[in-house]
1. Just the residues that are open to solvent by 70 Å² or more (accessible area, probe 1.4 Å), outside any loop (DSSP other than H, G, I, E, B) and either among the basic types (Lys, Arg) or touching a residue at least 12 places away in the same chain (Cβ under 8 Å) (or both), please, taken from the stretch 24-43.
2. Scan the stretch 25-39 for residues that are in contact with a strand residue (DSSP E or B) (Cβ under 9 Å, 6 or more places away or on another chain) and over 17 Å from residue 58 (Cβ atoms) and jot them down.
3. Please enumerate the residues belonging to the stretch 1-21 that are within 25 Å of residue 58 (Cβ to Cβ) and either in contact (Cβ under 8 Å) with a residue 60 or more places away in the chain or open to solvent by less than 100 Å² (accessible area, probe 1.4 Å) (or both).
4. Would you pick out the residues in the stretch 46-76 that are under 18 Å from residue 33 (Cβ atoms) and assigned to a loop (DSSP other than H, G, I, E, B)?
5. Are any residues in the stretch 44-70 free of Cβ contacts under 8 Å to residues at least 24 places away in the same chain and either at positive phi or surrounded by 11 or more Cβ atoms within 10 Å (Cβ to Cβ) (or both), and if so, which ones?
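The values are calculated or read from the model by the stated rules, or taken from the named source; none is laboratory data. Remember, predicted model here, so these are calculated numbers, not experimental data. Here the Cβ is made from the backbone with ideal geometry for all residues, glycine too, and neighbour counts use every protein chain on show. The area values use the complete protein model at the heavy-atom level, side chains included, leaving out ligands, DNA and RNA. Shrake-Rupley method; radii C 1.70, N 1.55, O 1.52, S 1.80 Å.
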Amino acid sequence: MEENEVMEPQYGFWETTICVEQEDSETGKVKKVKEVHLIDAQDPTAVQQKCMEAMKGTMWDWTIESCKKSKVNLIY
């Protein structure tokens, strides 16, 4: 049996919803796509900093819609 790698958060996971505005390739219209990211951070300010770093260079506009402490403790 294969051994699973377990990811434990250093600080705690934050469930963060990011809204990305993308252009629909068929219609050319801008649509909003929501993505849920699980981020290991100390507080919402650190979450925002990590999102900014991760989304750096993205050609689309994006915003953080919500950020809440997650009940997830481990990821296998």
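1. 31, 32, 34, 36, 38
2. Of everything in the stretch 25-39, those that are in contact with a strand residue (DSSP E or B) (Cβ under 9 Å, 6 or more places away or on another chain) and over 17 Å from residue 58 (Cβ atoms) turn out to be 29, 38.
3. Passing the criteria: 7, 9, 13, 14, 15, 16, 17, 18, 19, 20, 21.
4. Across the stretch 46-76, the qualifying residues are 55, 57, 58, 59, 60, 61.
5. Listed by number, the residues that qualify are 48, 49, 50, 52, 54, 57.
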